[in-house]
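Chemist: Encoded as structure tokens, here's the structure I'll be asking about.
The values are calculated or read from the model by the stated rules, or taken from the named source; none is laboratory data. Being a predicted model, the structure only gives us computed values, none of them experimental. Neighbour counts are summed over all protein chains in view; Cβ atoms, including those assigned to glycine, are modelled from backbone coordinates with ideal geometry. Just so you know, the surface numbers come from the protein's heavy atoms only, side chains and all, with ligands and any DNA or RNA stripped out. Shrake-Rupley method; radii C 1.70, N 1.55, O 1.52, S 1.80 Å.
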Amino acid sequence: MISQFFVLSQRGDNIVFRDYRGEVPKGSAEIFFRKVKFWKEDGEGDAPPVFNLDGVNYFHVKVVGLLFVATTRINASPSLVLELLQRIARVIKDYLGVLNEDSLRKNFVLVYELLDEVIDFGYVQTTSTEVLKSYVFNEPLVVDSARLPPLGPASIFVQGSKRMPGTAVTKSVVANEPGGRKREEIFVDIIEKISVTFSSSGYILTSEIDGTIQMKSYLTGNPEIRLALNEDLSIGRGGKSIYDYSSSSGGGTVILDDCNFHESVHLDNFDIDRTLVLVPPEGEFPVMNYRMTQEFKPPFRINALIEEAGSLKAEVILKVRAEFASNITANTINIQMPLPTFTTRVSFELEPGAVGNTTDFKEANKRLEWGLKKIVGGSEHTLRARLTFSQESHGNIVKEAGPVSMTFTIPMYNVSRLQVKYLQIAKKSNTYNPYRWVRYVTQANSRMAHILVVGQDLCKYLGPQVEFFFRMDEFNVE
């Protein structure tokens with residue numbers, strides 16, 4: 001049971017606000033944002049997703065830069081409320097197509113109608129996009145595509161010479177194409193959140209993938225779908241590295257620790273041919289959740305070394321090596337590293353011939369930032385940073401710095417090797433041939449994987465963000 005729900009922009013503007021029970025002060029949105037803002041300004045990082053202030057429990061998730069917040073005075077289950085906030089964000093995106101500040105403001109009548117059907121007097125009724133279509137009657141207003149963020153290199157669906165912008169998936173499940181037609185399409189995302197920790201010598205200590213096969217359907221009539229995964233997919237821990245295996249297809253065996261499926265999935269033939277059969281509801285939903293703790297090959301290796309160079313000086317050496325093939329290129333790489341609190345000045349030295357690199361020292365929160373425009377597979381890049389301190393260190397400066405964090409984008413790259421072999425849709429007629437798209441996304445797990453290692457190496461945290469798209473018409477199995 002929740003008392004209030006509201007959505008805030010990054011600036012703290014209250015975009016949507018609904019008070020269901022009148023138990024929490026009306027100024028809770030301002031109180032919440034001020035607390036979250038001061039959390040970051042105090043150098044403690046992002047605020048936790050759940051915290052209590054003056055007897056009010058605040059729950060929040062951040063989705064595409066927007067803060068979705070719920071408040072209550074009762075001792076509610078945090079996982080339940082956080083899952084509810086994620087589902088509300090997903091339902092709003094299903095109906096608006098694009099989830100951002102402009103779309104919320106432009107469609108506030110539709111958003112409030114959705115909220116009144118999802119939650120009644122603080123109690124959840126339904127978060128099903130398909131069920132809500134019977135009760136919601138407002139039409140979404142389309143956001144001007146010129147105001148959307150520019151498409152990145154990974155935001156293009158590609159099949160041969162055919163290209164479609166990634167905004168093809170950013171449309172409402174209830175809106176029609178110009179002329180009253182509805183484009184028959186289905187989108188499948190394989191989303192993986194990975195955590196990796198290394199020892200001081202570079203060996204992997206722990207590695208984990210939390211994965212989801214996410215589907216968004218724009219198909220009318222809810223036709224049956226067959227989704228085929230790797231034939232050599234294995235469920236259950238084997239205690240071996242996934243890249244120690246080989247198969248006839250050359251993809252390697254994929255070993256999952258465990259998995260669960262959406263209620264619409266039929267598993268009659270899953271143990272035989274690894275095929276999922278389902279009748280997808282309209283909108284976005286998780287087809288399958290899975291977890292993998294088998295060792296996998298990370299896309300990057302990060303080494304960090306810090307050495308004292310006098311009583312008030314030290315030197316940091318950061319090395320990053322791309323562990324993928326030379327025909328693959330990573331884009332928009334960003335590496336961050338917290339420095340000792342008494343650091344006053346940092347000078348940087350890049351390797352000769354470095355192009356597209358940016359360096360910065362954020363003095364407010366004592367953080368080093370290194371940006372690279374691209375990294376070609378197999379290459380290695382090095383940054384040297386000379387630190388000047390305001391006082392002499394009386395402790396171990398290694399413990400005062402780190403951990404290193406990293407984000408990036410790699411088109412045409414997949415970590416776990418879990419694949420959609422084909423996506424078959426039951427035909428209504430000989431001319432029925434809907435569009436099918438598949439996207440692979442690998443990103444850093446929100447739970448930061450920290451480890452303090454011996455020697456002069458810093459603790460390391462690998463946080464990739466990898467995504468690529470392609471169209472699946474070549475897998476149109478009759």
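Chemist: State all residues of the stretch 298-314 that are buried (at least 16 other Cβ atoms within 10 Å of the Cβ) and either without any contact (Cβ under 8 Å) to a residue 24 or more places away in the chain or not hydrophobic (A, V, I, L, M, F, W, C) (or both); if no residue qualifies, say none.
Modeler: Hits for the stretch 298-314 are P298, P299, R301, N303, E308.
Chemist: Picking from G371, G356, which residue would you name as being in contact with a Ser or Thr (Cβ under 6 Å, 6 or more places away or on another chain) and in contact (Cβ under 8 Å) with a residue 12 or more places away in the chain? Steps first, please.
Modeler: Values: G356 fails: in contact with a Ser or Thr (Cβ under 6 Å, 6 or more places away or on another chain).
Of G371, G356, the one residue that is in contact with a Ser or Thr (Cβ under 6 Å, 6 or more places away or on another chain) and in contact (Cβ under 8 Å) with a residue 12 or more places away in the chain is G371.
Chemist: Here is a further query. Pairs needed: first member in the stretch 17-46, of a type in the set (G, A, S); second member anywhere, modelled with pLDDT of 90 or more and open to solvent by 40 Å² or more (accessible area, probe 1.4 Å); C-beta distance under 6 Å; at least 6 residues apart or different chains.
Modeler: Filtered contacts from the stretch 17-46: A29/N14.
Chemist: Exactly one of (1) part of a strand (DSSP E or B); (2) over 14 Å from L383 (Cα atoms) is unmet by N365. Its number?
Modeler: Going through the list (1) part of a strand (DSSP E or B); (2) over 14 Å from L383 (Cα atoms), N365 breaks only (1).
Chemist: Right, next: Any residue in the stretch 411-425 that is surrounded by 15 or more Cβ atoms within 10 Å (Cβ to Cβ), among the hydroxyl-bearing types (S, T, Y), closer than 22 Å to S326 by Cα and within 25 Å of the chain's Cα centre (by Cα)?
Modeler: Our first condition is that a residue be surrounded by 15 or more Cβ atoms within 10 Å (Cβ to Cβ); within the stretch 411-425, this holds for 411-425.
Filter once more, keeping what is among the hydroxyl-bearing types (S, T, Y): 413, 416, 422.
Now restrict to residues that are closer than 22 Å to S326 by Cα: 413, 416.
Keeping just the survivors that are within 25 Å of the chain's Cα centre (by Cα) gives 413, 416.
Yes, the conditions are met somewhere in the stretch 411-425.
Chemist: Could you grab me the full set of residues in the stretch 370-393 that are open to solvent by less than 30 Å² (accessible area, probe 1.4 Å) and among the hydrophobic types (A, V, I, L, M, F, W, C)?
Modeler: W370, L372, I375, L383, A385, L387, F389, listed by residue number.
Table: residues versus (1) of a type outside the set (S, T, Y); (2) within 22 Å of D46 (Cα to Cα); (3) in contact with a Leu (Cβ under 7 Å, 6 or more places away or on another chain); (4) not in a helix (DSSP H, G or I).
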site	(1), (2), (3), (4)
L305	yes, no, no, yes
L318	yes, no, yes, yes
R321	yes, no, no, yes
A325	yes, no, no, yes
I333	yes, yes, yes, yes
V346	yes, no, yes, yes
E369	yes, yes, no, yes
K373	yes, no, no, yes
L383	yes, no, yes, yes
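Chemist: Moving to a separate point now. Restricting to the stretch 332-369, name every residue that is of a type in the set (F, W, Y) and open to solvent by less than 40 Å² (accessible area, probe 1.4 Å).
Modeler: Passing the criteria: F342, F361.
Chemist: State whether one or more residues within the stretch 437-451 are part of a loop (DSSP other than H, G, I, E, B), modelled with pLDDT of 80 or more, open to solvent by 10 Å² or more (accessible area, probe 1.4 Å) and more than 26 Å from E315 (Cα to Cα). I'd like the intermediate steps shown before the answer.
Modeler: Let us first name the residues in the stretch 437-451 that are part of a loop (DSSP other than H, G, I, E, B), namely 445-451.
From what is left, the residues that are modelled with pLDDT of 80 or more are none.
For the stretch 437-451, residues part of a loop (DSSP other than H, G, I, E, B), modelled with pLDDT of 80 or more, open to solvent by 10 Å² or more (accessible area, probe 1.4 Å) and more than 26 Å from E315 (Cα to Cα): absent.
Chemist: OK, next. Filter the stretch 394-410 down to residues that are open to solvent by 30 Å² or more (accessible area, probe 1.4 Å) and not in a strand (DSSP E or B) and give me whichever is nearest to P338 (Cα to Cα).
Modeler: My answer is E400.
Chemist: Would you mind telling me which numbered condition in (1) part of a loop (DSSP other than H, G, I, E, B); (2) open to solvent by less than 60 Å² (accessible area, probe 1.4 Å); (3) over 21 Å from E101 (Cα atoms) Y58 fails?
Modeler: Condition not satisfied by Y58: (1).
Chemist: Sort out which residues of the stretch 73-96 are surrounded by fewer than 21 Cβ atoms within 10 Å (Cβ to Cβ) and either within 19 Å of P286 (Cα to Cα) or in contact (Cβ under 8 Å) with a residue 24 or more places away in the chain (or both), and write them in order of number.
Modeler: Listed by number, the residues that qualify are R73, I74, A76, P78, S79, L80, L82, E83, Q86, R87, A89, R90.
Chemist: So, restricting to strands (runs of 3 or more DSSP E) that lie completely within the stretch 63-172, which ones have at least 2 residues that are modelled with pLDDT under 90?
Modeler: 156-159, 162-165
Chemist: Ok, one more. I'd like to check something: does the stretch 292-308 contain any residue that is touching a strand residue (DSSP E or B) at 6+ places or on another chain (Cβ under 6 Å), hydrophobic (A, V, I, L, M, F, W, C) and within 18 Å of Q391 (Cα to Cα)?
Modeler: Taking every residue of the stretch 292-308 in turn, at least one turns out to be touching a strand residue (DSSP E or B) at 6+ places or on another chain (Cβ under 6 Å), hydrophobic (A, V, I, L, M, F, W, C) and within 18 Å of Q391 (Cα to Cα).
Chemist: Also: Given the condition modelled with pLDDT of 85 or more and over 25 Å from the mean Cα position of the chain (by Cα), answer yes or no: does some residue in the stretch 247-266 qualify?
Modeler: Checked against the condition, which is being modelled with pLDDT of 85 or more and over 25 Å from the mean Cα position of the chain (by Cα), the stretch 247-266 yields at least one hit.
Chemist: I'd like the full set of residues that are crowded, with 17+ Cβ neighbours inside 10 Å, in contact with a Phe, Trp or Tyr (Cβ under 6 Å, 6 or more places away or on another chain) and modelled with pLDDT of 90 or more, limited to the stretch 19-55.
Modeler: Y20, A29, F32
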